[in-house]
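Report on the structure given below.
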Amino acid sequence: MAETRSHSFAYPGSAKKRQGSDDIDGDDMIVSKKSLLSVPGAAWDDPAAALASARHEFGEHGGVNMSIEASATFTVMEPETMRRMFAGELGPDRDFFIYSRHFNPTVLSLGRQMAALEGTEAAYCTASGMSAISSVLMQICSSGGHVVASRTLYGGTHALLTHFLPRACNITTSFVDIRDHAAVRDAIVAGKTKVLYFESMSNPTLTVADVPELSRIAHDKGAMVVVDNTFAPMVLSPARLGADVVVHSISKFISGGADIIAGAICGPAKLVNSMMDLHQGALMLLGPTMNPKVAFELSERIPHLGLRMKEHCARALAFATRLKKMGIRVIYPGLEDHPQHDLLKSMANKDYGFGGIMCVDMETEDRANRLMHLLQNYAQFGFMAVSLGYYETLMSCSGSSTSSEMNEEEQALAGISPGLVRMSVGYIGTLEQKWGQLEKALSRLQEPGLFGKN
Ligand SMILES: Cc1ncc(COP(=O)(O)O)c(C=O)c1O
């Protein structure tokens, strides 16, 4: 197909880049190389500021939004160029693309936003949060590698580390309480342990990790630190606190629409590039590719992530404070009595708040179910659904849903009470309207005989 084209063929929309030849040494290439994956060198002190100073991609015709590069494959003007691309001599840093399972310009552009958001050198986006997590762990840990991980993790990640990785890849994990720094240090075996893995704010217990101290401990023993920041985008920036890699389930707050499954790996350019290696790269070879149309959609939502997070956090703090005053067992890192409240304050970016998730401990699954039933079907406060980061409040009983991959003992060790209701606090409606609904459900819950015993 490409062979039938004359050398005078100009690519629509790429005239600036290549006219009639693969102008490999042109000045425009130097400009694009500088801004490939990295965040511009300015001092980083706030994720919104970093996002605003990241490269803005315009559309083909000068549109304020970037164009979607919907092509699976990319043509070249000269056969030699293809050989050089496959040999790794020409790549996306100079605007040469091979195939969209490898780099795609639109997905790369979203990656630049994610790198700016997390303050990392590079980032690349994937089809799901789980594919980001599994790919990065497989990339860093070869067969026989060892991971030290927090006991309190999203159930899917826990299952990946407990069952899948040992069986399929001979990668084993020791689980520890990451609040116990001596235990973390003891569990890391120098030379064997490749990764210390934890969630910045854990799912569902909302334990906050001491990222600087844990990073120091891991680095002293030669392990890399991989942090899942799904619960706290904007609020926490683990890479700025010492972590090497930040992974995300973009499906949650970053998307905000509960309509897309997506993930990201944010870290050093060397790691991201190695994951794209044609011979050894986990992303290239396992292929959890993000569709460029999805990448475009997500890139339009990132600019208002900060505003959304502030409102999620403000509502969660207001509800948690009022629930606590009513004597309800509420877990929220923004409350002064939360064990890591001061730690979170010391690490958090200014003015975003303390996270958009709060938990109510109803002690038994039966009481948790009654509360959720009333909140959804009687008071219209929110939806019984897993996931988080939606504009409506979403609630689930973690022990029987998103943490059900963990057995009873593992749940107990992770501090997951059977009656724990995780609430991703939405920002729809007014705060007082939603509080009224929450109060209404709670007062109904007190009525004797409503659902048998109280
Ligand atoms: C903390 C955390 N990490 C990762 C994941 C997995 O992400 P995804 O569903 O996008 O694969 C989830 C999903 O619930 C999660 O809560």
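Just so it is clear, none of the values below were taken in a lab; they were calculated from the coordinates. The shown structure was predicted, so the numbers you read here are calculated from the model rather than taken from an experiment. Methodologically, a virtual Cβ is constructed for each residue, glycine included, from the backbone with ideal geometry; neighbour enumeration extends over all protein chains shown.
Okay, here's what the table says:
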{"item": "Packing-based ranking, highest mean first, of 322-335, 384-397 given that Cβ atoms within 10 Å are counted", "result": "384-397, 322-335"}
{"item": "Cβ-based charge dipole, the chain, positive-most Cα from S200, F253, Q437", "result": "Q437"}
{"item": "Distance in nm between pseudo-label sites at H304 and D342 (7 Å out along the Cβ direction from Cα)", "result": "3.9"}
{"item": "Principal axis dimensions, largest first and in whole angstrom, of segment 363-413 by Cα", "result": "34, 24, 12"}
{"item": "Magnitude of the charge dipole, the chain, Cβ model with Lys/Arg +1 and Asp/Glu -1, debye to 20", "result": "520"}
{"item": "Using θ = phi - 60° and Karplus 6.51 cos²θ - 1.76 cosθ + 1.60, couplings along segment 237-251 (whole Hz; Gly, Pro as x)", "result": "10, x, 5, 6, 9, x, 6, 8, 9, 10, 10, 9, 8, 5, 3"}
{"item": "Sequence-separation-based contact order of segment 139-285, relative, with Cα cut under 8 Å and 6+ spacing, percent", "result": "18"}
{"item": "Tail weight of P(r) past 31 Å, computed on alpha-carbon pairs of the chain, percent", "result": "44"}
{"item": "DSSP-defined antiparallel bridges as percent of all bridges, the chain, nearest 5", "result": "55"}
{"item": "Convex hull per residue volume in Å³, alpha carbons only, for segment 309-359", "result": "63"}
{"item": "Gyration tensor over alpha-carbon atoms, segment 92-300, equivalent ellipsoid semi-axes in Å", "result": "26, 19, 15"}
{"item": "Estimated vicinal HN-Hα couplings, Hz - segment 198-203 in sequence order (Karplus 6.51, -1.76, 1.60; Gly, Pro = x)", "result": "7, 9, 4, 10, 7, 9"}
{"item": "Links that overshoot a 24 Å alpha carbon limit, given the list K324/K440; K270/K350; K221/K252; K325/K345; K252/K434", "result": "K270/K350; K221/K252"}
{"item": "DSSP H segments from the chain that extend 18 Å or more along their own axis, Cα-based, with Kyte-Doolittle mean of 0.0 or above", "result": "105-118"}
{"item": "CD proxy at 222 nm, helix term only [per DSSP H run n ≥ 4: -39500 (n - 2.57); per residue of the chain; nearest 500]", "result": "-10000 deg cm²/dmol"}
{"item": "Segment 92-300 - share of DSSP beta bridges that are antiparallel (%, nearest 5)", "result": "40"}
{"item": "Spin-label model distance (nm) - D180 vs A412, 7 Å beyond Cα toward Cβ", "result": "1.5"}
{"item": "Under the Debye formula (equal points on every Cα, no solvent term), log10 I(q)/I(0) of segment 304-446 at q = 0.15 Å⁻¹", "result": "-0.74"}
{"item": "Unit charges at the beta carbon, dipole of segment 271-333: most positive-side option, G287, L317, L271", "result": "L317"}
{"item": "Mean Cβ neighbour count within 10 Å, used as a protection proxy, ranking 347-359, 231-243 highest first", "result": "231-243, 347-359"}
{"item": "Amide H within-cut-off set for E121, under 5 Å, with H built and near neighbours excluded", "result": "G267, A269"}
{"item": "Sorted largest first, extent of segment 62-104 alpha carbons per principal axis (Å)", "result": "34, 20, 17"}
{"item": "Integer Hz, Karplus 6.51/-1.76/1.60 couplings in order for segment 174-187, x for Gly and Pro", "result": "9, 8, 9, 7, 6, 6, 9, 5, 5, 5, 5, 4, 5, 6"}
{"item": "Length-normalised contact order for the chain - Cα pairs under 8 Å, 6+ apart - percent", "result": "14"}
{"item": "Segment 251-345: radius of gyration and largest Cα-Cα distance (Dmax), Å", "result": "19.1, 59"}
{"item": "Centre separation in Å (Cα based) which lies between segment 210-258 and segment 135-168", "result": "16"}
{"item": "Under-5 Å amide H pairs with T152, H placed in peptide plane, nonlocal only", "result": "I178"}
{"item": "For I331, distant residues with modelled amide H under 5 Å away", "result": "C359, V360, D361"}
{"item": "Relative contact order computed over segment 330-399 (Cα-Cα under 8 Å; 6+ residues apart), in percent", "result": "22"}
